[in-house]
Amino acid sequence: IIQLLELEHDQRNLYESIRLVMETKVRELFLKKGVAASQIEFLDALLKLRQACCDARLVPIEQAQSVKHNAKLEWLRDNVPEMIEEGRKILLFSQFASMLGLIEQELQYLGIPYSKLTGQTKNRQQQIDDFQHGDNPIFLISLKAGGTGLNLTAADTVIHYDPWWNPATEQQAIDRTHRIGQTKNIFAYRMICNDTVEDKILKLQDRKRSLAKDLISDEDGFVKSLTKDDIAYLFS
């Protein structure tokens, strides 16, 4: 399920101001250095746009500190308690460990018990057991820490808070639930901010699906698969 969300008010303004600055910066870099030599700067520009979609607090600029709206957190706030009330068990993936920390604060505020797994987690098995066999209805997992080697058949709902470059990586995460012993249907949600770089990455993935297996396994591969027109489209 593609969950299309609208950025509103100050969050949209923040996104647009970053986009305008980055569009100019990237265009100038390409003229000076060429596309291939500008990869690091291009990825940094994309990262800031993606962070602005997730939560303004992830963006290290002054303007971001005063942003109050957050389309994705508001969706979680409205929907997760209801899902839990229905008896659902939820895996929530993000590639940003710092974003999981902010979602953790939200769950604490709502009084919802949770498990959490990132590269920093020490008691990994305990976190898994508390979700699989205990009362924790939601499991926050960083995409890199939880992409492989997890058996989470208690889950019936997967939420991707932010889209990853390669749809196959997201599928691997969803596959944590598809294991021997799974008896339920799985609902998988991808949270996408409309008319942003997230929305555009999704459309580029569809266009380049034939390349995905070989090239789009990581950020570097994704950039190498892009034409100059693709890059202009991402910042449009």
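The values are calculated or read from the model by the stated rules, or taken from the named source; none is laboratory data. If you're wondering where the values come from, they're calculated on a predicted model, not measured in any experiment. Positions of Cβ are backbone-derived with ideal geometry, glycine not excepted, and every protein chain shown enters the neighbour counts. Note: areas computed on protein heavy atoms with side chains; ligands, DNA, RNA excluded. Shrake-Rupley method; radii C 1.70, N 1.55, O 1.52, S 1.80 Å.
Rounded to the nearest 20 debye, the dipole magnitude of the chain is 700 debye, with +1 charges on Lys and Arg beta carbons, -1 on Asp and Glu beta carbons, and the Cα centre as origin. Put simply, the amide H of L7, placed in the peptide plane, has neighbours under 5 Å in N194, leaving out anything fewer than 5 places away on its chain. Couplings 3J(HN,Hα) for segment 110-116, derived from phi with the Karplus relation 6.51 cos²θ - 1.76 cosθ + 1.60 (θ = phi - 60°), are 7, x, 9, x, 8, 10, 9 Hz, where x marks Gly and Pro.
On the chain, 50 percent of the accessible area sits on carbon and sulfur atoms, based on a 1.4 Å probe. With the simple model of a label 7 Å out from the Cα in the direction of the Cβ, K68 to R88 spans 2.8 nm. Within the set of other residues whose C-beta is less than 12 Å from the C-beta of K32, count the net charge using Lys and Arg as +1 and Asp and Glu as -1. Surrounding charge for K32 is +1. Net length available on complete extension from I186 to K228 is 11.3 nm, with 0.36 nm assigned per residue and the Cα-Cα distance removed. Each of T177, F131, I159 was placed along the dipole of the chain (beta-carbon charges, centred on the mean Cα), and the one lying farthest toward the positive end is T177.
Per residue, the accessible area of segment 1-149 comes to 51 Å² when a 1.4 Å probe rolls over the protein heavy atoms.
Exceedance of the 25 Å cut-off in Cα-Cα distance is limited, within the set K89/K116; K68/K144; K48/K144; K68/K203, to K68/K144; K68/K203.
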